[in-house]
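Chemist: What follows is a structure written as structure tokens; I'll ask about it next.
The values are calculated or read from the model by the stated rules, or taken from the named source; none is laboratory data. For clarity, every value in this text was computed on a predicted model and none was experimentally measured. Every residue, glycine as well, gets a Cβ built from its backbone with ideal geometry; the counts of neighbours run over all protein chains shown.
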Amino acid sequence: MRSASVSLLRHELTPTAQQLSFPHLSPPSAPHPTAYYAGLLASLARDCHARHPFDASPPRAHPSRACGVLHARILRLALPLEGRLGDLLVDLYARSGHSDYAWRALGSLGPRASGAAASSVLSCHARSGSPHDVLDAFRRLRCCSTGTGRPDQFGLAVVLSACSRLGVLDYGRQVHCDVLKSGFGSSAFCEAALVDAYAKCGEVADARRVFDRIACPDTICWTSMIAGYHRVGQHHQALALFVVH
């Protein structure tokens, strides 16, 4: 399986390391190879967002192509993909917009996949602008036969955001159960996403219950709650909450 993955990457990602302008792919003797390649992947992931659209400097290699070369090198060296190295590999594929490669990398981790890696795949679909794709990806993660990791608090917040955009209340309630079962009930990200999802679906009573349990609601929570009251015509409650805020 590992040799097949390497052959596939060699076939699909033709540029060499030199063509992609890597500093040097052979790790120095001092740092551990796993830490070395994790550092390269993290650096490329930062570059996905660091480059300004109007930056006139020479562009670096496309992140997904660079990630493919590093992925092949990691497999050839038989480096363990569990932990940070695997998370970074999936995250870089996801940040570069290649969900197919991100899914392949996630699948190769199997039961070793973390919640962070699963959340990276969900974020990739969210950035594509399709909430339907996010929910389909979440269903795929829940039913995955390879036992890949369940999303962490950030991934669950992404799914809840998709639910609010589509107005799918029943599915949002299921995700709420997943939030509680996973121990993220007090996560600020999940709390804000739950208030927004319930409010946009017109369930202001449920939104208010979640809102009242938040120790220090942020501006997003206040805005979602007030807008939710306004959406269903409960203007007095919206005004009262605005005055309190």
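Chemist: Considering each of ARG139, ARG173, ARG165 in turn, give the residue that is surrounded by fewer than 20 Cβ atoms within 10 Å (Cβ to Cβ), touching a residue at least 24 places away in the same chain (Cβ under 8 Å) and basic (Lys, Arg).
Modeler: ARG165
Chemist: Continuing with the same structure: Any chance segment 192-206 includes a residue that's hydroxyl-bearing (Ser, Thr, Tyr) and touching a residue at least 12 places away in the same chain (Cβ under 8 Å)?
Modeler: yes
Chemist: Go through (1) at pLDDT below 95; (2) surrounded by fewer than 23 Cβ atoms within 10 Å (Cβ to Cβ); (3) aliphatic (A, V, I, L, M) one by one and return the number of the condition ALA102 breaks.
Modeler: (2)
Chemist: Has segment 109-124 got at least one residue that is buried (at least 22 other Cβ atoms within 10 Å of the Cβ), of a type outside the set (Lys, Arg), part of a loop (DSSP other than H, G, I, E, B) and touching a residue at least 24 places away in the same chain (Cβ under 8 Å)?
Modeler: The answer is yes, given that some residue of segment 109-124 is buried (at least 22 other Cβ atoms within 10 Å of the Cβ), of a type outside the set (Lys, Arg), part of a loop (DSSP other than H, G, I, E, B) and touching a residue at least 24 places away in the same chain (Cβ under 8 Å).
Chemist: If you go through segment 142-154 one residue at a time, do you hit one that is more than 28 Å from LEU109 (Cβ to Cβ) and surrounded by fewer than 21 Cβ atoms within 10 Å (Cβ to Cβ)?
Modeler: Scanning segment 142-154, I find no residue that is more than 28 Å from LEU109 (Cβ to Cβ) and surrounded by fewer than 21 Cβ atoms within 10 Å (Cβ to Cβ), so the answer is no.
Chemist: Another question about this same structure. When ALA66 is evaluated against the numbered criteria (1) exposed (fewer than 15 other Cβ atoms within 10 Å of the Cβ); (2) at pLDDT below 85, which criterion, by number, is the only one it fails?
Modeler: (1)
Chemist: Could you say which residue among VAL168, VAL210, VAL204 is modelled with pLDDT of 95 or more, out of contact with any strand residue (DSSP E or B) (no Cβ under 7 Å at 6 or more places or on another chain), of a type outside the set (Gly, Ala, Ser) and closer than 22 Å to ARG127 by Cβ?
Modeler: VAL168
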